[in-house]
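Contents: one structure, followed by commentary.
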């Protein structure tokens, strides 16, 4: 049986690898042959997610964007860490890096921006797949 720390560490490592592949792919134009190995890494991560899930969340991006937010005394909206299900909390934390936040949670706008970027990143990966399939 996995301990909580082991699960979080494995989740962090998997999401860090995914994020690095997404960043590398973002530097390439669709159709660039260099994308093939990056896409294979992403495919392997997706396979791992299916065959050896660390955490499972079946919420759509739209549902994730509707998670509860609350006003904070500094005058902005936040989303509490505990309200973001795994693996999304780890994905968000890895993508955000050491960003500013409040003790109670993340800035809501950062969460909303992350979800929009995630959708763009997935679309960009699909463009690469289509271009490579056409050649």
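The values are calculated or read from the model by the stated rules, or taken from the named source; none is laboratory data. This structure is a prediction, so every number in the text was calculated from the model and none was measured. Here the Cβ is made from the backbone with ideal geometry for all residues, glycine too, and neighbour counts use every protein chain on show.
Scanning the stretch 113-135 for residues that are surrounded by 15 or more Cβ atoms within 10 Å (Cβ to Cβ), touching a residue at least 24 places away in the same chain (Cβ under 8 Å) and closer than 15 Å to residue 60 by Cα yields 115, 118. Between a residue in the stretch 46-65 that is over 18 Å from residue 80 (Cα atoms) and any residue that is modelled with pLDDT under 90 and part of a helix (DSSP H, G or I), which pairs come within a Cβ distance under 8 Å, given they are 6 or more apart or on different chains? Sorted first by the residue in the stretch 46-65, then by its partner, the pairs are 54/7; 54/10; 54/11; 55/7; 55/11.
Within the stretch 66-81, one or more residues are part of a loop (DSSP other than H, G, I, E, B), surrounded by 12 or more Cβ atoms within 10 Å (Cβ to Cβ) and in contact with a helix residue (DSSP H, G or I) (Cβ under 6 Å, 6 or more places away or on another chain). Annotation: of all residues in the stretch 94-110 being part of a helix (DSSP H, G or I) and without any contact (Cβ under 8 Å) to a residue 40 or more places away in the chain, the one that is nearest to residue 78 (Cα to Cα) is 108. Would you mind stating whether residue 31 is farther than 19 Å from residue 93 by Cβ, in contact (Cβ under 8 Å) with a residue 24 or more places away in the chain and either within 16 Å of the chain's Cα centre (by Cα) or surrounded by fewer than 15 Cβ atoms within 10 Å (Cβ to Cβ) (or both)? Yes: the conditions hold for residue 31.
Within the stretch 96-116, the set of residues being modelled with pLDDT of 95 or more and within 28 Å of residue 37 (Cα to Cα) comprises 113, 114, 115, 116.
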